[in-house]
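Contents: one structure, followed by commentary.
Since every read-out is calculated from the coordinates, none of them should be taken as a lab result. Nothing here was measured: the structure is a model prediction, and the numbers come from that model.
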Amino acid sequence: MQALVWDGQHLRLETTYPTPQADETTAVVRVRLAGMCATDLQILQGYMGFKGVPGHEFVGEVSAGPAELVGTRVVVEINFACGHCPVCIQGLGRHCPMRRVMGILHADGSFAEYVSVPVANLHPVPDSVTDEAAVFTEPLAAAFELLEQIHVQPSDDVVVLGDGKLGLLCAQVLHSAGAQVWVMGKHPHKLALLHPLGISTVLLADWRPRLADIVVEATGSTGGLALAMESIRPRGTLVLKSTVATTHALSLAPLVINEITVVGSRCGRFPPALHALEYQRVMVAPLIERVYPLAEGMAAVAHALRPGSLKILLRMF
Ligand SMILES: [Zn+2]
Ligand SMILES: [Zn+2]
């Protein structure tokens with residue numbers, strides 16, 4: 001099959017990559033549409049030491065596996081948990097120490113015509129949700145994870161740092177929870193997407209530190225953390241959403257002095273995201289910048305690497 005393959009040094013479009021097979025516990029999904037995210041680009045910088053087919057945001061249809069699911073349009077939770085360790089038994093399969101993660105850790109991902117995934121990770125997509133919306137389920141689930149981890153009150157003053165794809169989704173989810181949301185970013189055209197929704201925005205150039213109750217760091221850059229720490233009230237909550245391959249070098253003393261609660265936040269459950277897409281509670285279509293066929297996957301990656309680009313998608317069929 002055709003697939004984009006990262007060997008740890010180079011990314012290539014291969015045309016004879018082995019097509020995965022289904023077994024008792026796995027299904028094969030034929031990928032329809034896949035999204036590129038900042039984590040994929042970090043992988044191409046060495047993040048997680050991953051080798052194989054990247055990609056973890058996609059919608060497809062089951063081509064092999066349990067008979068009742070074949071032909072069903074699905075999205076797929078990306079953490080492949082063992083299902084029986086103490087962490088899994090607590091319902092935290094996304095943190096299973098034995099997990100594989102699609103396109104990130106020991107499992108091929110979705111920048112390919114087919115991908116093999118555990119049957120337990122499949123979620124059927126409601127008919128009313130288009131492929132172009134369903135492909136956002138994974139990053140939107142990561143945004144909804146915020147509401148599982150922190151208690152957001154309608155009176156809360158929330159700052160989201162970063163106007164990238166994840167920042168725009170986090171802002172919408174927090175706004176839908178009733179918080180007063182400010183998004184700080186560098187790109188007027190991206191911030192403008194939030195204005196019809198009633199979400200306030202400010203450009204980095206005009207940014208003055210404020211004392212927010214909650215700050216979500218979603219800049220995807222190492223510099224965002226210092227900015228976040230300046231922007232939070234004593235005893236406020238700092239949520240870290242960026243995954244970067246490099247290390248941070250800054251003093252943590254302000255976190256102690258100001259008694260800040262720090263919350264790391266990664267992946268979320270899919271049902272709240274699918275529900276929000278079904279009832280059109282979030283806007284995702286304007287986040288799509290361009291769709292490339294898989295055969296032009298290298299050009300798609302080059303486009304995604306351009307600073308400030310929005311969502312780049314790969315269409316497989
Ligand atoms: Zn991602
Ligand atoms: Zn486990």
Just give me a number: lysine pairs in the chain, eight or more positions apart or cross-chain, with C-alpha atoms less than 12 Å apart. 4
Kirkwood Rh and Cα Rg combined as Rg/Rh, the chain: 0.96
Need one word for the stretch 267-317: rounded, prolate or oblate. Basis is the Cα gyration tensor (sqrt eigenvalues a ≥ b ≥ c); a/c below 1.5 gives rounded, then a/b vs b/c decides. prolate
In terms of the Cα gyration tensor, with a ≥ b ≥ c the square roots of its eigenvalues, is the stretch 60-99 rounded because a/c is under 1.5, prolate because a/b exceeds b/c, or oblate? prolate
Going by the alpha-carbon gyration tensor, a ≥ b ≥ c the square roots of its eigenvalues, is the stretch 126-202 rounded (a/c under 1.5) or, if a/c is not under 1.5, prolate (a/b greater than b/c) versus oblate? oblate
Check ALA27: other-chain or 5+ apart residues with amide H under 5 Å from its amide H, H built from backbone geometry? VAL117, VAL119
What is the Cα centroid distance between the stretch 135-163 and the stretch 206-276, reported in whole angstrom? 11
